[in-house]
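To start, the structure under review is shown below, and the notes come after it.
The values are calculated or read from the model by the stated rules, or taken from the named source; none is laboratory data. Just so it is clear, the structure is predicted and the values come from calculations on it, not from any experiment. When we count neighbours, we look across all protein chains shown, and the Cβ atoms used for this are built from the backbone with ideal geometry, even at glycine. What goes into the accessible areas is simple: the full protein's heavy atoms, side chains included, and nothing from ligands, DNA or RNA. Shrake-Rupley method; radii C 1.70, N 1.55, O 1.52, S 1.80 Å.
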Number of protein chains: 2
Amino acid sequence: MLVLIPFKPVNPKTRLSKVMRKNERENFARCMLLDVLDALSSFDCDIKIISTHPFKIESYDVVVDSRELDDAINSRIEGETAVIMSDIPLINSRILRRFFESEGDVVIAPGRKGGTNMIIIRDRKFKVRYYYCSFLRHLEFAKSLDLKCTVFDSFYASVDIDTPDDLLELMIHGEGKKSYEFLYSIGFRIKYEKEPKLVRISNTFP
Amino acid sequence: MLVLIPFKPVNPKTRLSKVMRKNERENFARCMLLDVLDALSSFDCDIKIISTHPFKIESYDVVVDSRELDDAINSRIEGETAVIMSDIPLINSRILRRFFESEGDVVIAPGRKGGTNMIIIRDRKFKVRYYYCSFLRHLEFAKSLDLKCTVFDSFYASVDIDTPDDLLELMIHGEGKKSYEFLYSIGFRIKYEKEPKLVRISNTFP
């Protein structure tokens, strides 16, 4: 299987700007990507990182493509292709095994707010359409092509890290992940109130 | 299996007060409970609704208990007991089958912000402890008792409906659910922008 992972190494995750500096966000994005690559490491698949800018990460295959995300992905779909977001560090090999074994011409793991965090495409007629509630657009597109579409139900695959609220999820569930260790190292902690909160104990920010 | 469902029929879901009136919130909470009961209907289990106030719903067994949630639940754990929240209308029988078949002395389906949306307890030594990041507290408590604890990974079980953002999840994923139909009937719609938004088209609110 071909696995495409879109990645933005430069000034990523701008919605975290209020709690993390630019260089921290860049390090953090890299850690999340490494967590996703770790989860994939036990599978025999051909991984391609589609990066907006030149970027090196271990010996992985990185292709620079500055086009819109849809074009960068759709031009590379061939045979059985999965697209996995680089900001879902809570996935692991058990989740991916269940995902890869799911039946359907198209298999979608939804994120919050109508996102498509992971997708498997087993029919070349299908194309991705990110944004504007991609989850529903993907379901409709598959239906219009008469393709069988399966929804893959996973909490950990649903948690894409965009906002400080999402960081809290990573602090709660991510022990052992590189991205968790990074957050911990720069001072993020859980504050235990009736509903837990995210705090940053380091007094060096901003 | 005994299934306990805590429920608050009077003035529930106060965090939705900015978008729904009190009577609407009460109707909505009832619809979500019905969706959860529907998902359970194909299983042979003994269902008890633990209600804060007197309340009737079809021919279900309702027990009024105004104590703290932990006490109301812990005093009723016997044999294999599941506790399922009444505000997770996106669950269905497929998810519940996978849940009920999960191994472990304790099985936890996490919600966002460290919640425990569904739990199976197969050892009477274990007690629930809601609030203050119950997910981590439950993991720790099971560990301290040397019990095997399994995390059940489900997006649809993770979506408990507390805030307007959560309503958006129900509008995206809930077609066919009673709670979805209710939201639709009072004017809630998805507005398709780059990131989808929740809107209420009815001009009769507030």
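What are the residues in region B:32-49 that are of a type outside the set (G, A, S) and closer than 13 Å to B:M85 by Cα, if any?
Here is the first cut: in region B:32-49, the residues of a type outside the set (G, A, S) are B:32-38, B:40, B:43-49.
Within region B:32-49, B:M32, B:L33, B:L34, B:D35, B:V36, B:L37, B:L40, B:I47, B:K48, B:I49 meet the criteria.
Residues are listed down the side, and each one gets a yes or a no for (1) closer than 30 Å to B:L2 by Cβ; (2) touching a Cys at 6+ places or on another chain (Cβ under 6 Å); (3) hydrophobic (A, V, I, L, M, F, W, C); (4) touching a residue at least 60 places away in the same chain (Cβ under 8 Å):
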| site | (1), (2), (3), (4) |
| --- | --- |
| B:F126 | yes, no, yes, no |
| B:A142 | yes, yes, yes, no |
| B:D153 | yes, no, no, no |
| B:T163 | no, no, no, yes |
| B:L168 | no, no, yes, no |
| B:V199 | no, no, yes, no |
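For region A:108-127, which residues satisfy the criterion of being of a type in the set (A, V, I, L, M, F, W, C) and within 15 Å of B:H173 (Cα to Cα)?
Passing the criteria: A:I108, A:A109.
Within region A:143-191, track down each residue that is among the acidic types (D, E) and under 18 Å from A:F99 (Cβ atoms). Talk me through it step by step, then tell me what you get.
Applying the first criterion (among the acidic types (D, E)) to region A:143-191 yields A:146, A:153, A:160, A:162, A:165-166, A:169, A:175, A:181.
The answer is A:D153, A:D160.
Tell me, which helices (runs of 4 or more DSSP H) lie completely within region B:129-206 with 2 or more residues that are more than 10 Å from chain A (Cβ to nearest Cβ) and crowded, with 17+ Cβ neighbours inside 10 Å? Walk me through it before giving the result.
On the way: elements: B:134-144, B:155-158, B:164-173, B:178-185.
Correct list: B:134-144, B:164-173, B:178-185.
For region B:176-191, does any single residue satisfy the condition of being of a type in the set (D, E) and free of Cβ contacts under 8 Å to residues at least 40 places away in the same chain?
Within region B:176-191, the subset of a type in the set (D, E) is B:181.
Still in the running and free of Cβ contacts under 8 Å to residues at least 40 places away in the same chain: none.
No, region B:176-191 contains no residue that is of a type in the set (D, E) and free of Cβ contacts under 8 Å to residues at least 40 places away in the same chain.
I need a count of the residues in region B:51-103 that are open to solvent by less than 10 Å² (accessible area, probe 1.4 Å), under 23 Å from B:D162 (Cα atoms) and in a strand (DSSP E or B).
The number of residues fulfilling the criteria is 4.
Please enumerate the residues belonging to region A:1-12 that are open to solvent by 10 Å² or more (accessible area, probe 1.4 Å) and over 12 Å from the mean Cα position of the chain (by Cα).
Hits for region A:1-12 are A:M1, A:L2, A:P9, A:V10, A:N11.
Give me the residue from region B:108-128 that is within 12 Å of chain A (Cβ to nearest Cβ) and open to solvent by 30 Å² or more (accessible area, probe 1.4 Å) and, out of that set, nearest to A:Y192 (Cα to Cα).
If we take residues in region B:108-128 being within 12 Å of chain A (Cβ to nearest Cβ) and open to solvent by 30 Å² or more (accessible area, probe 1.4 Å), then B:K113 is nearest to A:Y192 (Cα to Cα).
In region A:128-140, which residue that is free of Cβ contacts under 8 Å to residues at least 40 places away in the same chain and among the aliphatic types (A, V, I, L, M) is farthest from B:L168 (Cα to Cα)?
Within region A:128-140, the match that is farthest from B:L168 (Cα to Cα) is A:L139.
Whether any residue in region B:94-102 is touching a strand residue (DSSP E or B) at 6+ places or on another chain (Cβ under 8 Å) and farther than 18 Å from B:L2 by Cβ is what I want to check.
Taking region B:94-102 as the starting set, the residues that turn out to be touching a strand residue (DSSP E or B) at 6+ places or on another chain (Cβ under 8 Å) are B:99-100, B:102.
Narrowing further to those that are farther than 18 Å from B:L2 by Cβ: none.
No, because not a single residue in region B:94-102 is touching a strand residue (DSSP E or B) at 6+ places or on another chain (Cβ under 8 Å) and farther than 18 Å from B:L2 by Cβ.
When you scan region A:93-107, how many residues do you find that are of a type in the set (A, V, I, L, M) and within 11 Å of chain B (Cβ to nearest Cβ)? It would help to see each step written out before you state the result.
Residues of region A:93-107 of a type in the set (A, V, I, L, M): A:95-96, A:106-107.
Of the ones still in play, those that are also within 11 Å of chain B (Cβ to nearest Cβ) are A:95.
The number of residues fulfilling the criteria is 1.
Cβ-Cβ below 7 Å, separation at least six or inter-chain, first residue in region B:26-49 and over 17 Å from B:D166 (Cα atoms) and open to solvent by less than 10 Å² (accessible area, probe 1.4 Å), second assigned to a helix (DSSP H, G or I) and of a type outside the set (V, I, T): which pairs?
B:A39/B:S93; B:A39/B:L96; B:L40/B:L96
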